[in-house]
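Here the structure is laid out as structure tokens; the discussion comes afterwards.
Values in this text are rule-based calculations from the coordinates and carry no lab data. Keep in mind that what you see is a predicted model, and the values were worked out from it rather than measured. Backbone-built Cβ (ideal geometry, glycine too); neighbour counts: all protein chains shown.
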Amino acid sequence: MTFLPDACYVPTVEDRASLDAWFAEYDAQSAQRDVQRMADMAVFPLNLVSDDAAGNARSAQWDREQYIATMTQVMGDGSGDISFESTRTPVFLSSAMAVVFSDSTMTMDGETRQLRYADILVRRDGTWAFQTMIQSGWGDNL
């Protein structure tokens, strides 16, 4: 007989605080365009899910080198300011897995963009890392 695990995990204060601290660090590295450090905060191969211009869902797996190359191109050469203001809604599946929905405002070189995306994070040996990125509009680049 197979027993299903209790699917009603209630995160602790530490769970939420550690996840918030991870995102604060990731946002700080993003603002500095430190793509190498951003890559250090991921588990590879990294899963990506998006849709393309034709409205079809797309997915891919990137290794560290692909992530660094793409994020370096997307984030630019480091000139000009970049900042993020985000509201995050985590759904903890366990103490080691969370799906995090983000509504974010990105300001780069004075231009503001609204972003909505989700990330799947996993915690190993007490450290969070993102493993899946989900955001619409990137499928043609996957």
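One table, with the values for the structure above:
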| quantity | calculated |
| --- | --- |
| By average C-beta atoms within 10 angstrom, highest first, the peptides 123-130, 24-31 | 24-31, 123-130 |
| The chain: calculated mean residue ellipticity at 222 nm from DSSP helix runs of at least 4, using -39500 (n - 2.57) | -8000 deg cm²/dmol |
| For Ser95, distant residues with modelled amide H under 5 Å away | none |
| Spacing of the two label points (7 Å from each Cα toward its C-beta) at Thr70 and Gln114, in nm | 2.5 |
| Cα gyration tensor of the range 102-142 - equivalent ellipsoid semi-axes, whole Å, descending | 25, 15, 9 |
| Mean Cα-pair separation over length for the chain, i.e. relative contact order, pairs under 8 Å, 6 or more apart, % | 27 |
| Per-residue HN-Hα couplings for the range 91-104 [Karplus 6.51, -1.76, 1.60; θ = phi - 60°; Hz; x = Gly/Pro] | 10, 7, 8, 6, 6, 10, 9, 8, 9, 10, 9, 10, 10, 9 |
| At q = 0.15, 0.16, 0.17, 0.20 Å⁻¹, base-10 log of I(q)/I(0) for the range 11-77 (Debye sum, equal scatterers on each alpha carbon) | -0.62, -0.69, -0.76, -0.93 |
| ³J(HN,Hα) computed for each position of the range 28-37 - Karplus, 6.51 cos²θ - 1.76 cosθ + 1.60, integer Hz, glycine/proline x | 5, 5, 5, 4, 8, 6, 8, 5, 4, 5 |
